[in-house]
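Rule-based calculations on the coordinates, nothing more; no lab input. Since the model is a prediction, treat every value here as computed from it, not as a measurement. Every residue, glycine as well, gets a Cβ built from its backbone with ideal geometry; the counts of neighbours run over all protein chains shown.
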Amino acid sequence: MIRKKIAGLLMAAGLLGMMTMTACLKTSNSSTQTVWTYSTIINAYADSTGMVFYDGSSKVDTTRFPLGFWSVLRDVPTTHSYNFRTYKTDSLICSITGVPFDSLTYHTLIAYGTKATGGKLANLEENFANIRGDSANVRFFNFCDSTGPVDVFINTVKVFSGRDYTPRTGFFPAWTTFPGSTNATVEVKPTGKDSLICKATMNLYTANVYQLVLAGYLHGVGKEKVGIYSAGYSTY
């Protein structure tokens with residue numbers, strides 16, 4: 001049942017990723033390749049320049065990857081050294097080295113940090129065994145290091161409470177269920193206060209899984225302003 005659920009998610013995630021970005025990232029165009037490893041790639045690094053994704057010294061895709069964007073990576077199962085570099089100048093921002101990726105495990109790779117603190121690349125091995133088909137399945141990561149603890153509301157219901165900067169408190173990989181909703185209003189507020197940090201409207205469909213990511217600068221402007229972003233995939 002778990003393998004079937006993961007397989008269905010991989011197929012749908014690939015389609016959603018291709019609709020979100022210009023193209024689905026992939027490193028191999030071999031017509032004979034039939035087994036793949038899949039990962040979701042999320043940019044939560046607070047910089048308006050944007051990034052480009054590499055595998056070792058090879059550029060995976062030339063597409064500029066701005067703050068808040070995500071896509072699905074399809075690659076050959078083997079050991080990889082993925083990294084993000086600045087768009088056009090190719091300066092290294094963050095990386096993982098010599099990590100095995102196989103066809104049975106779905107990964108999430110999240111670039112985060114700031115120009116002042118430096119960039120890092122988180123690698124999460126996913127477990128979808130407990131996701132539910134009668135609800136939307138959501139989780140939240142706080143990658144804005146200046147907000148302090150925050151509460152996250154979906155359609156005025158508090159779903160996550162007291163979530164501080166994720167790299168400092170640890171990643172929460174479990175999924176939380178919430179009734180599916182179209183045009184859901186997601187608001188982020190300082191814990192225990194009614195002032196608004198940011199908000200967004202997004203679809204949170206039943207049976208899908210969504211990663212909600214807070215990223216950017218609290219007092220930033222333009223493309224570096226703090227925002228709440230979503231990377232979502234269907235399981236059916």
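Which entries in 59/225; 199/225; 115/199; 189/225; 158/223 show an alpha-carbon gap greater than 19 Å? Working shown, then result.
On the way: 59/225 28 Å; 199/225 12 Å; 115/199 24 Å; 189/225 15 Å; 158/223 27 Å.
The answer is 59/225; 115/199; 158/223.
Would you mind counting up the charge near residue 161? Only other residues with Cβ under 12 Å from its Cβ, with Lys and Arg at +1 and Asp and Glu at -1. Provide the component values of the computation, followed by the final result.
Values: positive: 158, 163, 189; negative: 151, 164.
Once all neighbours under 12 Å are counted, the net charge is +1.
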Neighbour net charge for residue 206 - beta-carbon separation under 14 angstrom, K R +1, D E -1: 0
P(r), alpha carbons of the chain - 5 Å bins starting at zero, rounded %: 1, 6, 15, 19, 20, 17, 12, 7, 2, 0, 0, 0
Sequence-separation-based contact order of the chain, relative, with Cα cut under 8 Å and 6+ spacing, percent: 20
Residue list for the stretch 184-204, given a label point 7 angstrom along the Cα-to-Cβ vector of residue 225 and an amide N cut-off under 15 Å: 188, 196-201
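Give the peptides 225-234, 112-121 in descending order of average Cβ contacts within 10 Å, highest first.
Details: 225-234: 20.5, 112-121: 16.4.
Descending packing order for the listed peptides: 225-234, 112-121.
Report, in deg cm²/dmol and to the nearest 500, the calculated mean residue ellipticity at 222 nm for the chain, where each DSSP H run with n ≥ 4 adds -39500 (n - 2.57) and the sum is divided by the residue count.
Rounded to the nearest 500, the figure is -3000 deg cm²/dmol.
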Candidates 185, 32, 63, ranked by Gaussian network fluctuation over the chain, Cα under 10 Å, top entry: 32
